[in-house]
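First the structure, in the form of structure tokens, and then the observations on it.
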Amino acid sequence: MQHIPACGSLRNLLLTISYDGKEFHGWQIQQNAMTVQEAFQTALSKIIGDDFDVKGCSRTDSGVHANMYCISLKTEHPIKPERLKAALNRWLPLSIAVLDCKEVAPDFHARYSCTSKEYIYKIWNSEVRNPFLDGYALHYRYKIDENLLDKAAQAYVGRHDFTSFCTLDNREKGDMTRNVKAFSVTREGDLVTMKVEADGFLYNMVRIMVGTLLRIQQGKIAPDEIPSIIEKKNRKYSGPTAQACGLYLNRVNYENDNSSQKGVNTDV
């Protein structure tokens, strides 16, 4: 949605938000479904009218959460960043909070200036479900050997063609190569957390990576099989797509907030 005036002094603001994605159908505006972007722009229009253009850092899916999500906002409105932050937190639903708001360089873009993103996936690994984590972690009642999965997951690290770990649709075209910088599987009590950082992610890539590791835990995929799955470049050889409820966009990294450098292809 474009609301950019034809002339005037245009400002560029970087807003950092967090949100509970349980009741939203992802970030991007859709017809007949409430999204985070729609809720954000509805609140924003009450404060500055229609003088804005919003760009999000990622297209998170339905039910996915964000501990950190970045938005670049272009507007001619003179409102100060700290006042905009306070006003948005008044008008936004309780499931969305603005953590920070500041001026950035004119060519800064929340998506294309990004250098890497970090996602986490939470699994409640107990025979008994945790009612306080309903919608916020995958309940997996069978044993998880986090050390086995952490070792297997190191095969994800590096620059690879991740076609085997992508749900193909019309958003995925061209280069399917991504550089995974780190992947870890850790445990704290009954909570197992998978963490991955990369320069960009394909559609459902993290959730398929998680589903593949769970297949390894189940003995349906060998622990050393991930490199051959990557090499085959075929979705049918990897594991299922894990549920959205356990996935969080955890961190968005930029070289610096005012950098004009364009980042790599950060699809989701």
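The values are calculated or read from the model by the stated rules, or taken from the named source; none is laboratory data. Just so you know, these numbers come straight off a predicted model, no measurement behind them. Here the Cβ positions follow ideal geometry from the backbone for every residue, glycine too, while neighbour counts run over all protein chains shown. Remember, those area values only see protein heavy atoms, side chains included, never the ligands or the DNA or RNA. Shrake-Rupley method; radii C 1.70, N 1.55, O 1.52, S 1.80 Å.
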| query | Of all the residues that make up segment 5-61, how many are in a strand (DSSP E or B) and of a type in the set (D, E, K, R)? | reply | 3
| query | Would you say Leu99 is modelled with pLDDT of 95 or more and open to solvent by 60 Å² or more (accessible area, probe 1.4 Å)? | reply | yes
| said: Cβ contacts < 7 Å: first residue over 13 Å from Ile144 (Cβ atoms), restricted to segment 212-227; second residue part of a loop (DSSP other than H, G, I, E, B), any location; separation 6+ or different chain. Result? | reply: Thr212/Ile221; Thr212/Ser238; Thr212/Gly239; Ile221/Gly239
| Got at least one residue in segment 41-50 being within 20 Å of Lys117 (Cβ to Cβ) and either buried (at least 23 other Cβ atoms within 10 Å of the Cβ) or of a type outside the set (Asp, Glu) (or both)? | no
| said: Out of everything in segment 127-181 that is small (Gly, Ala, Ser) and out of contact with any Pro (no Cβ under 8 Å at 6 or more places or on another chain), what residue ends up being surrounded by the fewest Cβ atoms within 10 Å (Cβ to Cβ)? | reply: Gly174
| request: Provide a single number: the residues in segment 39-62 that are of a type in the set (Gly, Ala, Ser), at pLDDT 95 or above and within 23 Å of the chain's Cα centre (by Cα). | output: 3
| query | Tally time: how many residues in segment 70-93 are under 28 Å from Glu197 (Cα atoms) and either touching a helix residue (DSSP H, G or I) at 6+ places or on another chain (Cβ under 6 Å) or among the aliphatic types (A, V, I, L, M) (or both)? | reply | 2
| said: Considering only segment 89-112, I want to know if a residue exists there that is assigned to a strand (DSSP E or B), touching a residue at least 60 places away in the same chain (Cβ under 8 Å) and either over 18 Å from Phe40 (Cβ atoms) or aromatic (Phe, Trp, Tyr) (or both). | reply: yes
